[in-house]
Structures are given as structure tokens and as C-alpha cells.
Amino acid sequence: MSLFQLVSLLITLVAIFGYLNYRFLRLPDTIGIMAIAMVCSLAAAASGFFHDDVAQWAKSTIGAINFTELVFHGLLGPLLFAGSMHLNFSALAQERWSIMLLASVGVLISTVLIGVGFHYGTALVGVDLPLMWCLVFGALISPTDPLAVLGILRKAGVPAALETKIVGESLFNDGVGVLVFVTLLGLATGTRELNALSISLTFLWEAAGGIGFGIATGYVAFLVLRSIDSYAVEIMITLALATGGYAAAELVHVSAPIAVVVMGLVIGNHGRRFAMSEETRRELFSFWNVADVLLNLLLFGLVGLELIAVAVNEFEFIEVSLIAVPIVLLARAISVALPIATVGAFRRLDTVAVRILTWGGLRGAISIALALSLPPGKTRDVIVSATYFVAVFSIFVQAMTLQPLMHRWLRDSGTLVHPDDTTHH
């Protein structure tokens, strides 16, 4: 099958899944498409018991996609850019301390708690997994996916401040989580020495460098946008920023995800106000709205279909996978509650925020892509299995119950608002 045929098949499947979801399930598009794709993937894998040729064809077709490469060097840059473009900087600044702590300290707390819990949990079922590799699992499963939960947040009538906190944390914890993962993977594989000072400096350089690079690159793009008035060219400039800016950040060894998020903030706020005509503003943001939705639909469809490529071999570690879910949820609750408590005393909205941040901490493409990037072996099989099970649980259980739960929590706390009353960019 040629690359063109493969891409055509994937787009067609995602379109079919979207149609079926809209007609029958009525779930948010991304959640519904991923759910249907996962069901189809499991059915294809299960068909191997009766028609091995079908399962092998499906597995080889999906296996031909380098999922990790596609996510990190194809979809992630534009998706993060689009997400941050629509985030109001003023609202973000008001929640800055909560977001900074959740996206940094929260990720570190989550990584350690999940790593230690997973280490002892796997030992209980007779799987010997070194602590360092369990910490690697903790790092890759800690980043949450704002794209999966954003539509649910708005439908449930979440206050704008809480929405900003949730989306802002998720946008930035992707970058921090990837940094922690790369560092721990280097320690686990022996390619990096355990030197606290060196690791801290590298981490600081990549995180702070990503912010600085994003500001500088975004401002240069702002100056270019301000000097012209052609919405088609300006759209291409922002597209180049989301892709070329991501690649350039990797070349100078700073955090590309953090850099792209900052670029999106610069263009979506400063650029929107001072560098664009009304026509450009309308066309450019319409383009990114559509691109955001389409890329998300494709990404979530791929996440579901990717299950075919691992279902036969990886899900033999079902006991380990079952243990992973409560460990991840408990660690998420603690890693959310501690930073929020540090910022201020627990108000009623804060306790609701902890519940929503915990249950709404969906895991998706980032975690799966990181797990699939691990070197082959039994350790990888265990971690991939646990990662997929956590992702499946977050989609089929957390995502599908999140809206009614949020509505009840917000109503009981007296903070429920009508979706039309929330203020967004």
C-alpha cells in the first residue's frame, strides 16, 4: 500500500467514524471518533482468533505508520499552536501561579508517585520492573490532553477562570512531561549520568529556553505580520511558525512544545490586537479553528486505530494494566491538590477544580507516542500495555462521565454558569 493510499484510507476511516458518532453516539467529536476507532481496533484484533489474515492485514497496515514520529513531527506543533492561540493571555496571567505549579511541580509529583506506586504494584503481580523504568512510565503518563476535554468543559458551564486553569496547565505540562521523560529515559538506558546539577541545568535550559525562543520567534513573526495585509500570506506565516518554529526549537535543543505554545500566545494575543486587519483576523482564526478540529479528529482516530498494532502482543499484561489505573488517578489527585493548596486556601471552587482536574485529566496521543518510542523488550511491552489501558479507561469511563459529574459538582458548589456566559477569546 502506497503512502497516498494509506493516508486516504485513514482519512476515510476517520470520516466514517465521525459520521457514526454524530448519528448514533452523540459524544464530543474527538471522544466519539476515538471510542469508535478503539472498538473497531479491538474487533480487528479479536478477529485473529477466526480469520488471522484479516487481523494481520489490519495490524501491518496500521503498523506502517510511525505513530511517534507522526505525533511529534507532524501534528503536535500545529495542535499546540492552535490551542494556545485561543487562550486569553490576560486570563492566563490571572491563573499563572496555579498553571505554573500544576505544569511543573505537579508533573514532577505525579511522575514520582506513579513511578513508586507502579514499581510496587507490578511486584505484587509478579512482574519485576526496575524503579527507574517505572519512573519513565510515570513521566510519560503524567501529561494530560486539553484537546479531548475542552469541548466538554464549555458544554458543562465551567467558569472561565477554571477553564483557563485546566487548558493552560494541559498545554504547558505536555512540554514539561516530555522533558522529564527524556531525562529519565536517558538515566534508565544509561545514556545519561545521574548528576543532579547537570540534569537540573539541562531541564532549566530547555524549559526556560523554550519560553525565550517562543517569545523571540513569535515577536519576529508579529513584526512580519504587522508589515503586510494579506490574510493568505499571513496564514502561511503562522503555519510556518507552528511547524518551522517547532523544528527550529528542536535544532537549538530547547523544548519545542513549550516554544510553540508561547508562539501561539504571542500571535493569538499581541498579534491579534496590533498586527492584523479585521479581515485577516477573521480569516486567520477561522483557518486555525478548522485546522484544530480536523487535526484533532485525525489524531484521535489514529490513537484508536493504533490499538490494532499492539493489541495482540501488548495486552497480555492485563493485571499490570489494571493496577495502573488507580495509581494514575490517585497520583493525579495528589499532584493537583498540593499545588492548588499552595497557591491559596481551599475555596469551594478550588475543591471543585481538584475534582475536575483529576477526573478530566485524560491521557491520549502524547502518552501513547512516548510509550511507543521506548526501546523494544519486555519492559516496553509492560509500559505500552499499561499506557493503552489508562488511555482506554480515560476515554471510555472518565470522558463519558465527565460532563454530568462536572455539572453536578459545579451546581452543588454554586459556581455553575451558562456556557454562553463564559468569556473566551
**OP:** Scan region 141-159 and give yes if some residue there is aliphatic (A, V, I, L, M), modelled with pLDDT of 90 or more and in contact with a helix residue (DSSP H, G or I) (Cβ under 8 Å, 6 or more places away or on another chain), otherwise no.
**Re:** yes
Original post:
Filtering region 89-106 down to residues that are in contact with a Leu (Cβ under 9 Å, 6 or more places away or on another chain) and hydrophobic (A, V, I, L, M, F, W, C), which residue is farthest from Ser170 (Cα to Cα)?
Top reply: Phe89
Original post:
Which numbered condition trips up Leu187, out of (1) part of a helix (DSSP H, G or I); (2) surrounded by fewer than 16 Cβ atoms within 10 Å (Cβ to Cβ); (3) in contact (Cβ under 8 Å) with a residue 40 or more places away in the chain?
Top reply: (2)
**OP:** Give the number of residues within region 319-370 that are part of a helix (DSSP H, G or I), at pLDDT 85 or above and of a type in the set (D, E, K, R).
**Re:** 3
**OP:** List every residue pair whose Cβ atoms sit under 9 Å apart, with the two residues 6 or more apart in sequence or on different chains, where the first one lies in region 263-283 and is among the acidic types (Asp, Glu) and the second, anywhere, is crowded, with 21+ Cβ neighbours inside 10 Å.
**Re:** Glu283/Glu234
Original post:
Limited to region 223-256, what total is found for residues that are surrounded by fewer than 22 Cβ atoms within 10 Å (Cβ to Cβ) and farther than 21 Å from Leu75 by Cβ?
Top reply: 12
Original post:
Hey, any hits in region 303-318 for a residue that's surrounded by 21 or more Cβ atoms within 10 Å (Cβ to Cβ), at pLDDT 80 or above and out of contact with any Gly (no Cβ under 6 Å at 6 or more places or on another chain)?
Top reply: no
Original post:
What are the residues in region 1-45 that are among the basic types (Lys, Arg) and either buried (at least 19 other Cβ atoms within 10 Å of the Cβ) or more than 23 Å from Ala391 (Cβ to Cβ) (or both), if any?
Top reply: Arg23
**OP:** Determine the pairs where a residue that is under 17 Å from Ser367 (Cβ atoms), located within region 105-128, has a partner that is in a loop (DSSP other than H, G, I, E, B) with Cβ atoms under 8 Å apart, the partner being 6 or more residues away or on another chain.
**Re:** Val107/Ser142; Val107/Pro143; Ser110/Ser142; Thr111/Ser142; Ile114/Ser142; Phe118/Leu129
**OP:** Report yes if some residue within region 371-387 is touching a Phe, Trp or Tyr at 6+ places or on another chain (Cβ under 6 Å), under 22 Å from Gly83 (Cβ atoms), part of a helix (DSSP H, G or I) and at pLDDT 90 or above; otherwise report no.
**Re:** no
Original post:
Does at least one position in region 346-366 carry a residue that is in contact with a helix residue (DSSP H, G or I) (Cβ under 6 Å, 6 or more places away or on another chain), surrounded by fewer than 22 Cβ atoms within 10 Å (Cβ to Cβ) and among the aromatic types (Phe, Trp, Tyr)?
Top reply: yes
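The values are calculated or read from the model by the stated rules, or taken from the named source; none is laboratory data. Since this is a predicted model, take the numbers as computed values, not measurements. Positions of Cβ are backbone-derived with ideal geometry, glycine not excepted, and every protein chain shown enters the neighbour counts.
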